[in-house]
Amino acid sequence: MFDDESEKDNVSEDAEDPKVRAKEKADFFRLHAELAAVFEATRKFEAQIIPGLDPELTREVQRKMGKLDKSRKPEHPVLPPEVIEDAASILALPGAKNLSTNDYHLSRRPGEVMIVRWIEGEQIDSFYERFQAHFDAGLDHFRDEQRSTHEWKQDPKTLAYLDALDALEVKMADVYLRAPIRQHGLFVLSTQSADEIDILHLSDHLMGTNPAEIVGEASAPPEDPTEQDRAWFFKLFSLRTFHSNNERMCFFAYLQKTDEAW
């Protein structure tokens, strides 16, 4: 469902290699862990859902995020010097426009939603803790499930795969380049997208609210929704830096109903 656009690896000819398979599974759990850590703050950290973000300001963030995205090299999320001013301006908006951090600021139109969330300081420490916890929980459960289901077969390839899963040790702070960011003041942008995300998964499961709070009454699924009713295009931008002894992050999510015209 998800496509990590900062690390687009082609499916290799070694896809049956146990270590390659294990890495692909780790990437799967990482994407889901990121999504959970970004959107769970209404349940875990008393964040508020705040509609009515100024449309012009929202479009400005959207335009600049798109510009930052296009400026990156496909193989690396570190932003080049020529777009640092735009990246810094996005991260400075809470102070410049008196916008709260931790909360989810929404701008809505029929069939379209943009969500902006800024975090800083201890909020970022909590984000990384939760990001790691979600990843570890998903991977640990999968490891146990795979061993209980397949280990008895004693197939050499399967055993090698199970051993590769056990050997995985992925730190989300390393994936997000937190140490280099803090050491060198880098500006880093990563993205993930889904052609169809279940809006009920995002609203009910992750954020602990009803979908109308996210997409508005007019765009919310009906009482007995079909899969199409629940399907939204989704793209998440994660921008981060460390500057003037202050660590900052901005998450920008764009959602569009999949049956709406672009």
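What follows is calculated from the coordinates using simple rules that are stated; it is not laboratory data. Keep in mind that this is a model prediction, so the values were computed, not measured. Every residue, glycine among them, receives a Cβ derived from its backbone with ideal geometry; neighbour counts consider all protein chains shown.
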Radius of gyration, Dmax [the chain; alpha carbons; angstrom]
19.3, 61
Largest-first semi-axes in Å of the equivalent ellipsoid built from the Cα gyration tensor of segment 9-163 are 38, 20, 14
Show that you can apply the helix-only estimate: for the chain, add -39,500 (n - 2.57) for every DSSP H stretch of four or more residues, divide by all residues, and state [θ] at 222 nm to the nearest 500.
-13500 deg cm²/dmol
Gained length - Asp195 relative to Ala88, 0.36 nm times residue gap less alpha-carbon distance:
35.6 nm
Estimated dipole of the chain in Debye, rounded to 20 [Cβ of Lys and Arg +1, of Asp and Glu -1, Cα centre]
880 debye
Longest principal axis of the chain (C-alpha) makes with the long axis of helix 156-167 (C-alpha) an angle, in degrees to the nearest 10, of 40 degrees
5 Å is the cut-off here: which amide hydrogens, built 1.01 Å from N in the peptide plane, fall below it relative to Phe187, excluding neighbours closer than 5 in sequence?
Leu79
Once both labels are modelled 7 Å past Cα along the beta-carbon direction, what's the Gln228-Asp163 spacing in nm?
5.1 nm
Would you mind getting me the FRET efficiency between Glu120 and Glu145? Use the beta-carbon distance for r and R0 = 35 Å, nearest 0.05.
0.40
Beyond a 24 Å Cα-Cα separation, which of these cross-linked pairs lie in this structure: Lys70/Lys97; Lys19/Lys67; Lys19/Lys73; Lys171/Lys257; Lys25/Lys257; Lys25/Lys171?
Lys70/Lys97; Lys19/Lys67; Lys19/Lys73; Lys171/Lys257; Lys25/Lys257
For segment 69-129 and segment 196-220, what is the separation of their C-alpha centers, rounded to whole Å?
21 Å
Between Asp136 and Val78, what is the spin-label point distance in nm, taking each point 7 Å from the Cα along the Cα→C-beta axis?
2.9 nm
Excluding Leu255 itself, calculate the net charge of residues whose Cβ lies under 10 Å from the Cβ of Leu255, where each Lys or Arg counts +1 and each Asp or Glu counts -1.
+2
Please report Rg over Rh for segment 166-262, where both radii come from the alpha carbon positions and Rh follows the Kirkwood definition.
1.11
On a full-extension model of 0.36 nm per residue, what is the gain between Ala96 and Gln62, subtracting their alpha-carbon distance, rounded to one decimal in nm?
10.5 nm
May I ask for the Kirkwood hydrodynamic radius of segment 76-134, worked out over all distinct Cα pairs and given in angstroms to one decimal?
13.7 Å
So if we plug the beta-carbon distance of Glu46 and Gln154 into 1/(1 + (r/R0)^6) with R0 = 41 Å, what FRET efficiency do we get, rounded to 0.05?
0.25
